[in-house]
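Below you'll find the structure, written out as structure tokens, and then a few comments.
The values are calculated or read from the model by the stated rules, or taken from the named source; none is laboratory data. Given the structure is predicted, the values throughout are model-derived calculations rather than measurements. In this analysis, Cβ positions are derived from the backbone assuming ideal geometry, glycine residues included, and neighbour counts consider all displayed protein chains.
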Amino acid sequence: MRSIYFLGLDIGSATAKAVLINEKRDICSWAVIPTGGRLLEAGEKVRRDALEIVGRVDEVHVEAVVSTGYGRELVRDKTRSVTEITCHAKGAHELMKDVRFVIDIGGQDSKAILLSKDGLVERFEMNDKCAAGTGRFLEVMSRVLNIPLEEIGDIAVNSGEFAKISSTCTVFAESEVISLLAQGVDIPKIVSGLCKAVSERVYGLASRVGVTPPIMLTGGVAKNRGVVYWLSKLIGSEIRIPENPQIVGAYGAALIGAESYLNLSIK
Amino acid sequence: MSVEISELLKPFYQVFEDLYRFAKDAKTDGEKVAGYFCTYSPQELLHSAGYFPVRVIGGLGATPLADQWLQPFACSFAKSALQAGLSGDFSFLDLVMFSHTCDTMQNLAEIWRRRVSGLEVVIVSTPNLTEGDIPLNYLMKELERVKEELERISKVQITEDRLLKSIEVYERHRSNMKSLYALRRKNPSALNGEDMFAIVMSSFLMKKEAHNEMLENLIQSLKALPVKDVDKPKVLVGGSVCQVQGFIEAIESAGAFVCDDDLCMGSRSYVLPPIYDGNPTEILARMYLSRVPCPAFHKPGHDPASYLLDRVVSSGAKGVVFLQTKFCDPYAFNYPHLRRTLEKEGIRTLLIEVEQNQPVSEAFKTRISAFLETLQ
Amino acid sequence: MAQKVPIKTTAKMKELMGFYYMMAKAAESDPEQKIAWITSGGPVEILHAAGVIPVYPENVAAMSGTLKISDEICAVAEEQGFSRDLCSYARTDIGSVLSGKGPIMGMPSPKPDFLVCCNNICGTVTKWYEELQRIFNVPLIFIDAPFQYGVKDRPEAIDYMEAQLRRMIDQVSEIVGKRFDWDKFMDTLQLSDRAVKLWREIQDLLRHRPAPMNSFDTFIHLAPIVTLRGTQGCIEYYETLKAEMLERIEQGIGTLENEEYRLGWDNLAIWYKIKFLSERFSQHNAALVVSTYTRSFCYQAEDRDPSNPIRAMSADYLAGYINHGLDFRERELWQMVQDFSLDGIVMHSNRSCRAYSFGQYELARAMEEKYGVPVLLIEADQNDTRMWSDEQVGNRIDAFMERISAKKR
């Protein structure tokens, strides 16, 4: 018997993510690639990448394609499109049934989602007007400090101490960092201070929604141990990180595809 | 929707082609045109002094000229209006009228008076306290003063008779608009939010006499429609200024039905009790003070949240979308209370921060879609 | 730099304010003693006459700013949905009420029995006090002071104020449950009048070269005129301060070793950066000697009639700098430049205060173009440190002072 699959595509501003699941809702393959500003092409490529893992692209029988993310409308032959809010909630709930709160820190926006006990979206807020509180902030700062983005989290955690970055504006914070460097402050301290600054901003967003544990952190920034450290400290609660925090939205999209195929409620 | 009704609606949409087409045509025909910033401006006085009053609405786009005079933390309504004023977009106006509301508009009036040339500026000191005889007496005196100022500028004598006639035109208009809002309650499918927005916007930009006629024809035809509810999730839109055409349209194209509003460019300008007897300035003063207050005002005994809740319940809305104009303090101060009250009653809310000089963004659409997903 | 001679009266102020807040805090548990929260420009004399203790949330918020605890308190209000774009005093105060944290020995202000809000300083207080009314569920007395667009205050507006103040007297008497003591009221008005005049005289002493203190000092010494206006203690305090200033003038004591430049300040203080700013300007031998902000608390109406005290009071509460349009503000600024021999004006473009800040660009242009007075605009916020950058502001100050010194040479 031929297996059937469901594909979730999350086309974000920074990266495109694809997750392929089977009828049993198991993840069969996934892929993440940088968008590079070309949403349409990235969507095509990440889809191929995910399909190739399970077989020949034209032979994999995909029953439903659900797209999400800013580029969700650009995806060809989609079964439907759903916002990343609903998808993240869906994915997070599937991964850990008791999760009540999802914080997603993406490249250009961050969101906080309160879930009901049954995993439905109760309330949410998004930040996208300002780079502070998003991955972009750390990206800018990693360039200023000339440190690879991936190393920032570990440097912050190992620092022990932090330098106070009070400004929440990316431009102002950049000049603060430069002045701290000029004063000879240790780079790890600055890095830790930057992770704290992002966390404070995200914490502000989350507080407006009403933080309710258990909490899951998703999105690329969830891999940054410095942000995880500060965020859990600010919230005063442990934060759970899924194995692949970047693909939770795409996973949720795939689940929605499977459920609508199996004629279940999409809630 | 029947062919006939879509035909009747078309003329309301004309304003979106060029907001000031009617005003400019009138000017070309030798009439005097006055812009007003806020619906607390006594338009009846302008009307009786021979002006065609039109509401000042800013445009989309960057505001480089206004940025010379207003800091980055000024609201986009003030900026876009000043930009239009400074770039000469309002050269067809003979006069602009400010009515005292919030701190931003107060200082905008001052900057405008000193920097925008070629038109008269009249500022009405509307009281920010809107309950009781003390502000009533003050406003009556202020309206007398404004009347004299307008007489001096226009060289038209505003007789009691003239003013009463203008009041009649405006009262008829308010009553038509109220009927329309009431009709939407009874028969939600009669008009969608986008249509209603076109009607409201045109009401600020067309002659009241012509608008009255269009409204009366429309209402007659709408009344003949069978009563039918809509099968989309109904939402109410709350906020202060709402001058971007795309906002309501985007909410509806995401799959919602905007069944009612609590906007200053919307129901708040029209939901008032009928007029009183008395001399014309007293009629006007009582009427303006009896309005559902602008969030910048203080009206003892008025709770904006229970007012909003009433509107939500009676319109059948399942959720409320707050279009919070960035840096609009009066509304932002109300928001936590509004949200608390609604959520206590199980009504879902969504806050979207908007700029009144920017078109609908992708983020706007995403938020609306996500909100609708939670309503289902 | 020569040893700075500290202002001795400062110690007395700490004592005076400490006593005031202790007394107010103690009154919280006394059911007989009514407490009212009031805006800084509110008609407090009516409260004193009725034996009510006034508490000023703005002053408490400024203290939080000075103690650098306002950011965390603001965050509590923000969590409840109050936008970060709103006034940081309002956020600090509401956050303080909600969190139970504050600058008075770690505590918030004593709870009010009623609220008095006068919008002669801004429209923000209207909304702020409406929220307080919802939180505490107590009466709110609202005094609507019409903004005066023209240079001359309108008599109709004074009538309107008078009617409202008379009604306030009735409202307060009803809340307190006592007949209004008109004699005490007249005495209070006189005490208030005396304090306001003293505060103006003290600030006028800064015309002297070198100025016996600077604007950063006056920001601190402002607290009694705001919170204790109408009391004997306030007068005694300012008499002491005035005597000390006269003494300093006599001895030639200034705040800088070499007072080369004199500057004016516009808008509220930046409470968490007073030291930084003071030091930065000192490095350039520049003294700030006058501010529209501290002078706001000594405005009296131009043609007030002292023989009709409640009428004069009605006029005075309309007469402040910030309750006026740009023609008035321009006139006042130019007068300050002349009276205090200013070399330039520093304008704090204050994100929190739209009422005070919008129009500054226009005023700056007028000062520069009409009168040839250099103006520096500093983008900041009265209480919210998150809008601040030492580097950028410091650079601007340096560049401004270079410009002024080049001009003077």
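Only one of these is touching a residue at least 60 places away in the same chain (Cβ under 8 Å), part of a loop (DSSP other than H, G, I, E, B) and closer than 18 Å to residue C:101 by Cβ: C:68, C:4, C:25. Name it. Even if it seems obvious, please write down each step before you answer.
On the way: C:4 fails: closer than 18 Å to residue C:101 by Cβ; C:25 fails: part of a loop (DSSP other than H, G, I, E, B).
That would be C:68, the only listed residue that is touching a residue at least 60 places away in the same chain (Cβ under 8 Å), part of a loop (DSSP other than H, G, I, E, B) and closer than 18 Å to residue C:101 by Cβ.
Considering every residue within segment B:337-344, establish whether at least one is more than 14 Å from chain C (Cβ to nearest Cβ) and either among the polar types (S, T, N, Q) or closer than 20 Å to residue B:248 by Cα (or both). Within segment B:337-344, none of the residues are more than 14 Å from chain C (Cβ to nearest Cβ) and either among the polar types (S, T, N, Q) or closer than 20 Å to residue B:248 by Cα (or both). Restricting attention to segment C:38-93, the residues that are within 14 Å of chain B (Cβ to nearest Cβ) and among the basic types (Lys, Arg) total 2.
Those helices (runs of 4 or more DSSP H) of segment B:1-120 in which 1 or more residues are among the acidic types (Asp, Glu) and buried (at least 20 other Cβ atoms within 10 Å of the Cβ) occupy B:43-48, B:103-115. There is at least one residue in segment C:147-161 that is within 24 Å of residue C:51 (Cα to Cα) and not hydroxyl-bearing (Ser, Thr, Tyr).
Return yes or no: is residue C:96 buried (at least 20 other Cβ atoms within 10 Å of the Cβ), more than 10 Å from every other protein chain (Cβ to nearest Cβ) and in contact with an Asp or Glu (Cβ under 7 Å, 6 or more places away or on another chain)? So residue C:96 fails the test.
It is to be established whether one or more residues within segment C:113-121 are more than 20 Å from the chain's Cα centre (by Cα) and in contact (Cβ under 8 Å) with a residue 40 or more places away in the chain. Yes: segment C:113-121 contains one or more residues that are more than 20 Å from the chain's Cα centre (by Cα) and in contact (Cβ under 8 Å) with a residue 40 or more places away in the chain. Inspect all residues belonging to segment A:93-101 and state whether any of them is modelled with pLDDT of 95 or more, touching a helix residue (DSSP H, G or I) at 6+ places or on another chain (Cβ under 7 Å) and crowded, with 24+ Cβ neighbours inside 10 Å. Checking segment A:93-101: not a single residue is modelled with pLDDT of 95 or more, touching a helix residue (DSSP H, G or I) at 6+ places or on another chain (Cβ under 7 Å) and crowded, with 24+ Cβ neighbours inside 10 Å. Contact map, segment B:267-283: residues that are over 28 Å from residue B:196 (Cβ atoms) paired with residues that are assigned to a loop (DSSP other than H, G, I, E, B), Cβ distance under 8 Å, separation 6+ or inter-chain. Pairs shown: B:282/B:276. Of the residues making up segment B:195-213, those that are surrounded by fewer than 20 Cβ atoms within 10 Å (Cβ to Cβ), in a helix (DSSP H, G or I) and under 19 Å from the mean Cα position of the chain (by Cα) are B:209, B:210, B:212.
Scanning segment A:21-69 for residues that are within 23 Å of residue B:373 (Cα to Cα) and buried (at least 22 other Cβ atoms within 10 Å of the Cβ) turns up A:21, A:65, A:66, A:67, A:68, A:69. Of the helices (runs of 4 or more DSSP H) lying entirely inside segment A:159-267, those carrying at least 1 residues that are in contact with a strand residue (DSSP E or B) (Cβ under 7 Å, 6 or more places away or on another chain) are A:187-209, A:225-235, A:248-261. The sole residue among C:230, C:177, C:264 that is on the phi > 0 side of the Ramachandran plot, touching a helix residue (DSSP H, G or I) at 6+ places or on another chain (Cβ under 6 Å) and either touching a residue at least 24 places away in the same chain (Cβ under 8 Å) or surrounded by fewer than 22 Cβ atoms within 10 Å (Cβ to Cβ) (or both) is C:230.
Tell me, yes or no, whether segment A:109-125 has at least one residue that is basic (Lys, Arg), in contact with a strand residue (DSSP E or B) (Cβ under 7 Å, 6 or more places away or on another chain), within 22 Å of residue A:243 (Cα to Cα) and crowded, with 22+ Cβ neighbours inside 10 Å. Yes; the residues of segment A:109-125 include at least one that is basic (Lys, Arg), in contact with a strand residue (DSSP E or B) (Cβ under 7 Å, 6 or more places away or on another chain), within 22 Å of residue A:243 (Cα to Cα) and crowded, with 22+ Cβ neighbours inside 10 Å. When every residue of segment C:182-191 is checked against the conditions, none turns out to be in a loop (DSSP other than H, G, I, E, B), touching a Gly at 6+ places or on another chain (Cβ under 9 Å) and charged (D, E, K, R).
Annotation: residue A:174 fulfils all but one of (1) closer than 20 Å to residue A:201 by Cβ; (2) touching a Phe, Trp or Tyr at 6+ places or on another chain (Cβ under 8 Å); (3) away from chain B (no Cβ under 14 Å); the unmet one is (2).
Taken over segment B:123-141, the residue count meeting the criterion of being closer than 30 Å to residue B:83 by Cβ and either surrounded by fewer than 21 Cβ atoms within 10 Å (Cβ to Cβ) or in contact (Cβ under 8 Å) with a residue 40 or more places away in the chain (or both) is 4. Under the condition of being more than 12 Å from every other protein chain (Cβ to nearest Cβ) and part of a helix (DSSP H, G or I), the residues counted in segment C:100-148 number 1. Those strands (runs of 3 or more DSSP E) of segment B:246-354 in which at least 3 residues are acidic (Asp, Glu) and modelled with pLDDT of 95 or more, considering only elements entirely within it, cover B:257-262. If you go through segment A:95-147 and keep only what is within 14 Å of chain B (Cβ to nearest Cβ) and polar (S, T, N, Q), you end up with A:108, A:110, A:116, A:127, A:134. The helices (runs of 4 or more DSSP H) found wholly in segment C:305-386 and carrying at least 3 residues that are out of contact with any strand residue (DSSP E or B) (no Cβ under 7 Å at 6 or more places or on another chain) occupy C:309-316, C:326-339, C:360-371. Residue count for segment B:348-370, restricted to those that are within 8 Å of chain A (Cβ to nearest Cβ), without any contact (Cβ under 8 Å) to a residue 60 or more places away in the chain and of a type outside the set (D, E, K, R): 4. Pairs meeting the criteria (first residue in segment A:239-267 and within 14 Å of chain B (Cβ to nearest Cβ), second residue modelled with pLDDT under 85, beta carbons under 7 Å, at least 6 apart or on different chains) are A:256/A:266; A:259/A:266; A:260/A:266.
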